[in-house]
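These notes are about the structure you will find just below.
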Amino acid sequence: MEKKTMMKLGLSMRYLGYHMAAWRHPDVPADGGISFKYYLETARKAEAAKFDMIFFADGVGIRAADNPKGALSHDSKNVELEPLTLLAAIGACTSKIGLVATASTTYNEPFHIARKYASIDHISGGRAGWNVVTSWSQEEAWNFSKDEHLGYDERYERADEFVDVVKKLWDSWEEDAFIRDKASGVFYDESKLHIPHHKGKHFKVRGPLNSARTPQGRPIIVQAGSNETGRVIAAKSADVVYSAPFDISAAKEYYTDLKSRLPSYGRTRDQLLIMPGLTTYVAKTRQQAQDKFDQLQELIDPLSGLSTLYSAIGDLSAYDVDGPVPDVPAVNSIGKNLIDIAHRDNLTIRQLYKRRASGSRQLIGTAEDIVDDMEQWVTGEAADGFNLCPAILPGGLDDFVEFILPELRKRGLFRNEYESNTLRANLGLSPLAFGK
């Protein structure tokens, strides 16, 4: 089968952008994290640009420690809107773009998740997607009557069963189960009701779900785990994988491995899309693009910068940030590597935390530079598309639309119009048969 090169594009919309100093940028509304208008306007821009979906990562707690003391008060990532509430509202005000949000399998129950995402799929006419995560932080455990977070193996085992239960609940009713015949008085066909009666190690769920089969058959399942259990869940159940490799060789290995697992679950290569995260700084010239990046780097507050080093090197707040990185005992191997890099490259503490502050893989340059790279990843079987993680919102999206989208379309790599009204169809995924 000839490989399709038409890219899929998602837009990550959490916070005010993915650079740690985004909220300090003069073009970013500092209170945007709790503004529905801010998110709706950004979503509408993404829909006008024909993005496949918007994507909200989430955590059920402030997942950051106040180290060094005072660092947390300089961080904007401590207030935000609950993403499912937000998606439902955005879904009522848009018509084409997919609506994906994270929900934890550690701090929810399958029935909750199945019902909420089914409702969003109905509200939006078939555009909902669930990003499956296990949660990982101690701070989240403290919000759910737990002193300790679940162990690594246990939470992934729970997640695997959790997804199975949710899929069973979504298959409680066949598509044409609800007759709603007023003359006969029959509301649904009893033969088309399927009660899950699930009994497993972690869950005992009778069902059925009190929601009809959704416009997509079921909401899209997105997954981001790169460990072995995460890869199994992805190969078995996911429609989209959000990955985070920084180089093309690692991306190709991951891509090849996941695609090769699909036949074991009766699936084909085109039933799973892999979309790595990507941050772009683009302008007419390479220098102008670099200037955009440098402007944000200069906005990093020293306490915030030091917080990125704390877990690996320890507290450096007593040292001059414009002085050399001291030869202190590292907290872990990552810290040792960072100290070695700093000494090798003669970096100051400020220069080191600026390097450390980078999140997703980032490209800085002209539209041609960036599209060359994106095309290489897609044609080289390292990605099926990308999840754009703008450094700032909405500015990073605006730049992508102004510079990069025309180049993608000129090369025939991205759509001009939506193909359908549902997320599943716009992603090019085949219709979902009942029970699959």
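Structure data summary
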read-out	value
Top-ranked residue in region 17-46 [being β-branched (Val, Ile, Thr) and assigned to a helix (DSSP H, G or I); ranked as surrounded by the fewest Cβ atoms within 10 Å (Cβ to Cβ)]	Ile34
For Ser311: the one exception among (1) outside any loop (DSSP other than H, G, I, E, B); (2) among the hydroxyl-bearing types (Ser, Thr, Tyr); (3) over 24 Å from Arg14 (Cβ atoms)	(3)
Asp340 vs. criteria under 30 Å from Gln271 (Cα atoms), without any contact (Cβ under 8 Å) to a residue 60 or more places away in the chain and in a helix (DSSP H, G or I)	no
Residue within region 300-314 that is buried (at least 18 other Cβ atoms within 10 Å of the Cβ) and closer than 30 Å to Gly217 by Cβ present	no
Selection from region 349-391 of residues that are closer than 28 Å to Leu299 by Cα and part of a loop (DSSP other than H, G, I, E, B)	Ala357, Ser358, Gly359, Ser360, Arg361, Thr366, Cys389, Pro390, Ala391
Residue list for region 49-81, filter: over 15 Å from the mean Cα position of the chain (by Cα), among the acidic types (Asp, Glu) and within 26 Å of Arg127 (Cα to Cα)	Glu80
Subset of region 397-436 [in a loop (DSSP other than H, G, I, E, B) and of a type in the set (D, E, K, R)]	Arg411, Arg415, Glu417, Glu419, Lys436
Any hit, region 409-422, residues being crowded, with 16+ Cβ neighbours inside 10 Å and more than 24 Å from Phe56 (Cβ to Cβ)	yes
Entirely in region 145-231, the strands (runs of 3 or more DSSP E) that have 1 or more residues that are farther than 30 Å from Leu258 by Cα and aromatic (Phe, Trp, Tyr)	178-181, 186-188
Residues of region 255-297 satisfying the condition of being of a type in the set (A, V, I, L, M) and either out of contact with any strand residue (DSSP E or B) (no Cβ under 8 Å at 6 or more places or on another chain) or part of a helix (DSSP H, G or I) (or both)	Leu258, Leu262, Ala283, Ala289, Leu296
Region 232-282, subset among the acidic types (Asp, Glu) and farther than 20 Å from Pro431 by Cα, residue nearest to the chain's Cα centre (by Cα)	Asp247
Pair list, Cβ < 8 Å and 6+ apart or interchain, from region 310-335 residues that are more than 18 Å from Ala65 (Cα to Cα) and free of Cβ contacts under 8 Å to residues at least 24 places away in the same chain to residues that are assigned to a loop (DSSP other than H, G, I, E, B) and among the aliphatic types (A, V, I, L, M)	Pro326/Leu316; Val328/Leu316
Residue, nearest to Glu41 (Cα to Cα), within region 70-82, restricted to residues that are in a loop (DSSP other than H, G, I, E, B) and in contact (Cβ under 8 Å) with a residue 60 or more places away in the chain	Glu80
Extreme residue, surrounded by the fewest Cβ atoms within 10 Å (Cβ to Cβ), among residues of region 207-223 that are within 26 Å of Tyr254 (Cβ to Cβ) and in contact with a strand residue (DSSP E or B) (Cβ under 7 Å, 6 or more places away or on another chain)	Ile221
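Residue-wise test of (1) exposed (fewer than 14 other Cβ atoms within 10 Å of the Cβ); (2) basic (Lys, Arg); (3) modelled with pLDDT of 95 or more; (4) within 20 Å of Trp130 (Cα to Cα).
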position	(1), (2), (3), (4)
Val205	no, no, yes, yes
Val232	no, no, no, yes
Lys252	no, yes, yes, no
Thr256	yes, no, yes, no
Ser260	yes, no, yes, no
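Let's see how each residue does on (1) in contact (Cβ under 8 Å) with a residue 12 or more places away in the chain; (2) part of a strand (DSSP E or B); (3) under 18 Å from the mean Cα position of the chain (by Cα):
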position	(1), (2), (3)
Leu84	yes, no, yes
Leu87	yes, no, yes
Ile90	yes, no, yes
Cys93	yes, no, no
Lys96	yes, no, no
Leu99	yes, yes, yes
Ala103	yes, yes, yes
Arg115	yes, no, no
Ile120	yes, no, yes
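The values are calculated or read from the model by the stated rules, or taken from the named source; none is laboratory data. Worth saying up front: this structure is predicted, and the values here are computed from it rather than measured. All Cβ positions, glycine included, derive from the backbone under ideal geometry; neighbour counts span all protein chains shown.
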